[in-house]
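**Student:** First the structure, then my questions, so here it is.
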Amino acid sequence: MTREGLTVLEHELRRLKSEERPAVIKAIAEAREHGDLSENAEYHAARERQSFIEGRIAELEDVTSRAEAIDTSEMSGDTVRFGAHVLVADTDTDEETEYRIVGAMEADLELGKISVTSPLARALIGKTIGDVVEVATPGGGKSYEICKVLWKN
């Protein structure tokens, strides 16, 4: 994953451990004080939230302990690689879109970050400016031309 992506995950892990976990423990204790736990919706909601938080903490600890952060700040060139920002144009509509190729845990299509394992990223990797790639999509095949390869953070 990118160095920035790892930093975001580490920040989320710290927040979950230092803020969310203590808050949910307090909420469970307060809900217990209300009496009968079998019909206590606050208690069950707090326990469900605790389960989610503990699961996310375990997942983030696993990912961050095994992650290999790649610093893309000194990368350059016209070949698409992990960490690159790629400006592509749909060959049918000429609509241009910029994507950044990142690790699976940091992918967020709304932010233009696509997973290195996605069909589009796999098609783009190793290609250069001017190349046209074919990508199979649920709506049928799409063609994209690589307009620019940018290296920025």
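The values are calculated or read from the model by the stated rules, or taken from the named source; none is laboratory data. All values reported here derive from a predicted model rather than from experimental measurement. Neighbour counts are summed over all protein chains in view; Cβ atoms, including those assigned to glycine, are modelled from backbone coordinates with ideal geometry.
Per-residue answers, yes or no, for (1) exposed (fewer than 11 other Cβ atoms within 10 Å of the Cβ); (2) in contact (Cβ under 8 Å) with a residue 60 or more places away in the chain; (3) outside the structural domain of VAL102 (by TED's automatic domain parsing); (4) among the basic types (Lys, Arg):
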{"position": "LEU13", "(1), (2), (3), (4)": "no, no, yes, no"}
{"position": "LEU16", "(1), (2), (3), (4)": "no, no, yes, no"}
{"position": "ALA23", "(1), (2), (3), (4)": "no, no, yes, no"}
{"position": "ILE28", "(1), (2), (3), (4)": "no, no, yes, no"}
{"position": "GLU33", "(1), (2), (3), (4)": "yes, no, yes, no"}
{"position": "SER38", "(1), (2), (3), (4)": "yes, no, yes, no"}
{"position": "ALA41", "(1), (2), (3), (4)": "yes, no, yes, no"}
{"position": "ARG47", "(1), (2), (3), (4)": "no, no, yes, yes"}
{"position": "ILE53", "(1), (2), (3), (4)": "no, no, yes, no"}
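**Student:** Scan the stretch 134-143 for residues that are assigned to a strand (DSSP E or B) and without any contact (Cβ under 8 Å) to a residue 40 or more places away in the chain and report the count.
**Tutor:** Selection size over the stretch 134-143: 6.
**Student:** What about GLY126, is it free of Cβ contacts under 8 Å to residues at least 60 places away in the same chain, part of a loop (DSSP other than H, G, I, E, B) and under 19 Å from MET75 (Cβ atoms)?
**Tutor:** Yes.
**Student:** Among the residues of the stretch 95-124, count how many are over 12 Å from the mean Cα position of the chain (by Cα), within 13 Å of GLY83 (Cα to Cα) and surrounded by 16 or more Cβ atoms within 10 Å (Cβ to Cβ).
**Tutor:** Qualifying residue count for the region: 3.
**Student:** Hey, another quick one. Can you run down the residue pairs with Cβ atoms below 7 Å, 6 or more apart or on separate chains, where the first is in the stretch 73-92 and over 13 Å from GLU145 (Cα atoms) and among the hydrophobic types (A, V, I, L, M, F, W, C) and the partner is assigned to a loop (DSSP other than H, G, I, E, B) and modelled with pLDDT of 90 or more?
**Tutor:** As it stands, the answer is MET75/ARG81; MET75/GLY83; PHE82/VAL116, since those pairs meet every condition given.
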